[in-house]
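Taken together, the values in this text are just the output of simple stated rules run on the coordinates, not laboratory data. Not measured: the values here are computed from a predicted model. When we count neighbours, we look across all protein chains shown, and the Cβ atoms used for this are built from the backbone with ideal geometry, even at glycine.
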Amino acid sequence: MTTPINFQEKFKKFSDHWSPRVIAEMNDYQFKIVRIKGDFVWHQHDDTDEVFIVIDGKMSIEFDDHTIELKSGEMIVVSKGEKHRPYAELECKVLLVEPRGVVNTGDAGGSLTAPDDIWL
């Protein structure tokens, strides 16, 4: 891919929350943008780490014994097998980096499970 990707232009193409969209792929990793707002489900990914990069807004990620707050321009790597719950009081725009095929709700499943591999 030799064409620049503009995050804001990609975010304009969808408005639903907790439904990641793939914008690029490198080897077996996908770069997904997602709008988050409200509470997500407690879950974990047993086979992979997960990267959260805040593009716009602020969010929190709860862990069993602490909470991390992230704002625009910050990122965190959640280790594989680590139970977590992302949430945002106001809408937050996030870039996720994770292997192809990762289910957004991990081991939890449920109504917030988004279709996989939806490209913009």
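Quick check on my filter: what residues within region 43-66 are over 19 Å from Gly106 (Cα atoms) and of a type in the set (Ser, Thr, Tyr)? Scanning region 43-66 gives no hits.
Any residue that is over 12 Å from the mean Cα position of the chain (by Cα) and either of a type in the set (A, V, I, L, M) or under 17 Å from Val102 (Cα atoms) (or both) - is there at least one of those in region 61-77? So far as region 61-77 goes, yes, one or more of its residues are over 12 Å from the mean Cα position of the chain (by Cα) and either of a type in the set (A, V, I, L, M) or under 17 Å from Val102 (Cα atoms) (or both). Could you tell me whether region 82-97 includes any residue that is loosely packed, with under 12 Cβ neighbours inside 10 Å, of a type outside the set (A, V, I, L, M, F, W, C) and either in contact with a Phe, Trp or Tyr (Cβ under 7 Å, 6 or more places away or on another chain) or at positive phi (or both)? No - not one qualifying residue is present in region 82-97. Within the set Val54, Val77, the sole residue that is exposed (fewer than 15 other Cβ atoms within 10 Å of the Cβ), touching a strand residue (DSSP E or B) at 6+ places or on another chain (Cβ under 9 Å) and of a type in the set (Val, Ile, Thr) turns out to be Val77.
Residue by residue, here is whether (1) over 14 Å from Arg85 (Cα atoms); (2) out of contact with any helix residue (DSSP H, G or I) (no Cβ under 9 Å at 6 or more places or on another chain); (3) crowded, with 16+ Cβ neighbours inside 10 Å; (4) touching a residue at least 60 places away in the same chain (Cβ under 8 Å) holds:
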position: Ser15; (1), (2), (3), (4): yes, yes, no, no
position: Met26; (1), (2), (3), (4): yes, yes, no, no
position: Ile36; (1), (2), (3), (4): no, yes, yes, no
position: Ser60; (1), (2), (3), (4): no, yes, no, no
position: Leu70; (1), (2), (3), (4): no, yes, yes, no
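Tally the residues that are farther than 20 Å from Gly109 by Cβ, touching a Leu at 6+ places or on another chain (Cβ under 8 Å) and hydrophobic (A, V, I, L, M, F, W, C), restricting the search to region 10-42. Here the count works out to 5.
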